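**Student:** I have a structure here, written as structure tokens, and I will follow up with some questions on it.
The values are calculated or read from the model by the stated rules, or taken from the named source; none is laboratory data. Being a predicted model, the structure only gives us computed values, none of them experimental. Cβ coordinates were reconstructed from backbone atoms using ideal geometry, including for glycine residues, and neighbour counts include every protein chain displayed. What goes into the accessible areas is simple: the full protein's heavy atoms, side chains included, and nothing from ligands, DNA or RNA. Shrake-Rupley method; radii C 1.70, N 1.55, O 1.52, S 1.80 Å.
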Amino acid sequence: QVQLVESGGGSVQPGGALRLSCAASGSSRSASRMGWYRQARGPPRDLVVMITSGDNTNYADSVKGRFTISRDNAENTVYLQMNSLKPEDTAVYYCYAFIGLRSYWGQGTQVTVSS
């Protein structure tokens with residue numbers, strides 16, 4: 001059974017940085033794409049960034065130039081470096097992976113940006 005385990009959330013002041021990690025376990029297949037969504041209040045979850053196994057990326061306009069995604073295909077792990085954080089980045093961040101024609105989600109990690 002595939003599980004996504006996230007880490008790295010927390011609280012930071014505006015202008016600060018955080019790094020999120022997400023490791024997919026329980027599958028011998030490499031994820032064709034992995035990424036991050038976030039949910040500030042109610043649904044829906046908004047796409048933050050997605051990366052394919054070929055390293056093609058798709059960033060939300062609101063995070064371009066501030067967030068950087070990277071992945072380790074061999075480990076089915078994805079990282080999100082978040083710089084110049086703003087209060088509007090405050091949300092629960094969810095890891096996403098598409099493996100073997102199925103979608104999987106992490107449990108979510110809280111990111112709070114506040115002075």
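**Student:** For a quick protection proxy, order the peptides 89-100, 26-37, 104-115 by their average other-Cβ count within 10 Å, most packed first.
**Tutor:** Details: 89-100: 20.2, 26-37: 18.2, 104-115: 15.5.
In decreasing order of mean packing, 89-100, 26-37, 104-115 become 89-100, 26-37, 104-115.
**Student:** Run the numbers on the chain and let me know its relative contact order in percent, using alpha-carbon pairs under 8 Å that are six or more apart. Mind dumping the intermediate values first?
**Tutor:** Details: 287 pairs, mean separation 42.4, N = 115.
Relative contact order here is 37 percent.
**Student:** Ok, one more. Roughly how many debye, to the nearest 20, is the charge dipole of the chain about its Cα centre, given +1 on each Lys and Arg Cβ, -1 on each Asp and Glu Cβ, and no other charges?
**Tutor:** Using Cβ point charges on Lys, Arg, Asp and Glu, the chain gives about 140 debye.
**Student:** Please calculate how many Å² of accessible area region 6-115 carries per residue, with a 1.4 Å probe and no DNA, RNA or ligand atoms counted.
**Tutor:** Numbers: 5660 Å² over 110 residues.
Spelled out: the 1.4 Å probe surface of region 6-115, per residue, equals 51 Å².
**Student:** Highest first, please rank the peptides 41-50, 15-24 by the mean number of other Cβ atoms sitting within 10 Å of their residues.
**Tutor:** Ranked from most to least packed, the peptides come out as 15-24, 41-50.
**Student:** 5 Å is the cut-off here: which amide hydrogens, built 1.01 Å from N in the peptide plane, fall below it relative to GLY16, excluding neighbours closer than 5 in sequence?
**Tutor:** Amide H neighbours of GLY16, under 5 Å, 5+ apart: LEU85.
**Student:** Would you mind pulling out the separation of the Cα centroids of region 81-100 and region 18-68, in Å?
**Tutor:** One Cα centre to the other: 7 Å.
**Student:** Over the Cα atoms of the chain, compute the convex hull volume and normalise it per residue, giving Å³.
**Tutor:** 90 Å³
**Student:** Then there is this: Between SER30 and ASP61, what length in nm is gained on full extension when 0.36 nm per residue of separation is reduced by their alpha carbon distance?
**Tutor:** Net length gain for the segment: 8.4 nm.
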